[in-house]
Amino acid sequence: AIATLVTTILYGIFGRFLMATTTSKSEVLDFPPELRTPLVPQQRQCYMAMIKCYYHLKEYDRAIRAGAFALHMNRHYPGVHEYIAKAYLAKGNITQAIRTMRRAVIYETPWDVENIQKQLELLRSIDA
């Protein structure tokens with residue numbers, strides 16, 4: 001259902017673009033380069049949103065893969081480890097969930113004491 005909705009929206013957007021005049025197409029394509037390529041923080045935010053979406057759609061393998069990519073970009077990014085661990089838990093892989101949360105305690109925003117406490121609490125809840 002979601003895939004159909006997304007396909008319909010994209011088809012509508014691209015269909016209107018293909019039917020547009022040459023002048024209006026050039027106006028669409030002529031926007032600042034900084035808006036064409038998202039900055040790294042924006043990319044991480046997009047990956048975090050994608051990880052959450054995959055998790056809530058119960059597509060746990062995709063959530064884990066997207067999370068791994070986000071961690072490759074920056075292992076200190078808050079929240080990514082948590083959703084990877086939740087995905088592993090949902091798949092029944094408690095060992096990998098614990099391993100992921102241990103990494104969160106070590107690497108995820110090590111300068112933020114409150115976040116470290118949060119990650120420790122999540123680890124304890126899994127490891128109990």
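The values are calculated or read from the model by the stated rules, or taken from the named source; none is laboratory data. Given the structure is predicted, the values throughout are model-derived calculations rather than measurements. Cβ atoms come from the backbone with ideal geometry, glycine included; neighbour counts cover every protein chain shown. Only protein heavy atoms, including side chains, enter the accessible area calculation; ligands, DNA and RNA are left aside. Shrake-Rupley method; radii C 1.70, N 1.55, O 1.52, S 1.80 Å.
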Exercise. What does the highest-first list of 80-89, 67-76 look like by mean Cβ count within 10 Å?
Worked result: 80-89, 67-76
Exercise. Between residue 58 and residue 128, how many nm apart are label points set 7 Å from Cα along the C-beta direction?
Worked result: 2.5
Exercise. How much of the accessible area of the range 50-120, in percent, comes from carbon and sulfur atoms when a 1.4 Å probe is used?
Worked result: 54
Exercise. Which one of 95, 105, 116 has its Cα pushed farthest toward the positive end of the charge dipole of the range 43-117, where Lys and Arg give +1 and Asp and Glu give -1 at the Cβ?
Worked result: 95
For this session: Express in nm, to one decimal, how much length is gained between residue 106 and residue 76 on full extension, taking 0.36 nm for each residue of separation and deducting their alpha carbon distance.
Result: 9.9 nm
Problem set entry | residue 91/residue 113 FRET efficiency (R0 25 Å; Cβ-Cβ; nearest 0.05) | 0.20
For this session: With the cut-off at 20 Å, report for the range 59-121 the share of all Cα pairs above it, as a whole percent.
Result: 19
Problem set entry | the range 68-73 - phi-based ³J(HN,Hα) in whole Hz, Karplus 6.51/-1.76/1.60, Gly and Pro as x | 4, 5, 4, 5, 5, 5
Exercise. Say a paramagnetic label sat at a point 7 Å from the Cα of residue 99, along Cα to Cβ; which residues of the range 59-74 have their backbone N under 13 Å from it?
Worked result: none
Problem set entry | Surface accessible to a 1.4 Å probe, per residue, for the residues of the range 41-92, Å² | 56
